[in-house]
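Structure record follows, encoded as structure tokens.
The values are calculated or read from the model by the stated rules, or taken from the named source; none is laboratory data. Quantities reported herein were computed from a predicted structural model and do not represent experimental measurements. Cβ atoms come from the backbone with ideal geometry, glycine included; neighbour counts cover every protein chain shown.
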Amino acid sequence: MIKNVKNGVYPTMITPYTKENKIDYDAVLGILEWYSKNGVDGVFAICQSSEIFFLSFEERLELLRFIKKNLPAGMNLVASGHTADDIDRQIYEAKAFINEGIDAYVFIANRFAREDEGADVFMKNYSAVVSSLPDIGFGVYECPYPYKRLMTADIIKKCLDISPLQFIKDTCCSISMVKEKLQAAQGTGLKIFNANGAELLTTLKMGCSGYSGVMANFHPEIYSWLCKNFEKEPEKAQRVQNFLGFASTVECQCYPVNAKYHMNLCGVKMEIFSRARDYSEFIESRRMEIDQMYETEKEIKTLLGI
């Protein structure tokens, strides 16, 4: 059954670990509750922020089951876990995740073709995979690892011809490309969620359906306010956007270690180390930057009355 994917904020869910380097499910539950408290509309689970290239298939599936079981009421669940190179293995793993009852299964664009291969290879493999999967809405994530493959407007149209594409996490960082994608999606039911914090307000005005990105692991309530109020309060929305765009530079700092540190500031307790990033890079000055951003968030929330 094709389910509706709501507009709004979809954090790219991080994976916390215990000191023994196992998934910390108490912290996962805390993250879900924190998302819900802060007004998100859904979660993008088992994605790059979840460190999926550093989790086994069994870990990814177990984590998805836990998230599905404990998902707060009213929130959508879109999920990926799409890491395999082999097409048959991609189909096998996708079926396992879809069988858990998610709202949409999200492909990683770079899994369908190598960096030196063209759109014809992408479409051949995309078609082979989707034709072998159950009746469900699909999404595509322009994941930057191990390389970034963007979805052009032409490719989007071709994908829509063969599958119920509903969700794109856009990472192109180009206003003109987003405009082309929105035109390709018009009237189809496909929703485009920008992952770029600096561009968000501009692309919401153009017709994007919301935000799905790293920074919803820091201040999702501010993103939620912007998505819901940018038309009603345009001047305040621009002030909020000015903060969000500048704050989004911490994506390039020491993510996801810094997000785990920030969640501790918010009362969601977890270890801060990562399988994907050496947490020793999170030096004192970087911690101070996150501390100072956290204090500035409070001022923005006071402005918004949230």
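A few points about this structure:
- Number of residues in the range 181-213 that are in a helix (DSSP H, G or I) and more than 24 Å from S36 (Cα to Cα): the value is 9.
- Scope the range 249-269; condition of a type outside the set (S, T, N, Q) and without any contact (Cβ under 8 Å) to a residue 12 or more places away in the chain; matching residues: C252
- Of all residues in the range 131-141 being free of Cβ contacts under 8 Å to residues at least 40 places away in the same chain and either part of a strand (DSSP E or B) or under 21 Å from the mean Cα position of the chain (by Cα) (or both), the one that is surrounded by the most Cβ atoms within 10 Å (Cβ to Cβ): V140
- When restricted to residues that are in a helix (DSSP H, G or I) and under 17 Å from R111 (Cβ atoms), the range 163-180 contains 0.
- Qualifying residue in the range 222-241 (condition: surrounded by fewer than 19 Cβ atoms within 10 Å (Cβ to Cβ), within 22 Å of F138 (Cα to Cα) and modelled with pLDDT of 95 or more): no
- Neighbours by Cβ (under 8 Å, 6+ apart or cross-chain): first from the range 221-243, farther than 15 Å from T203 by Cβ; second part of a loop (DSSP other than H, G, I, E, B) and among the polar types (S, T, N, Q): E221/N38; S224/N38
- Listed by first and then second residue, the pairs with beta-carbon distance under 9 Å, at least 6 apart or on different chains, first residue in the range 82-110 and at positive phi, second of a type in the set (K, R), are G101/K68.
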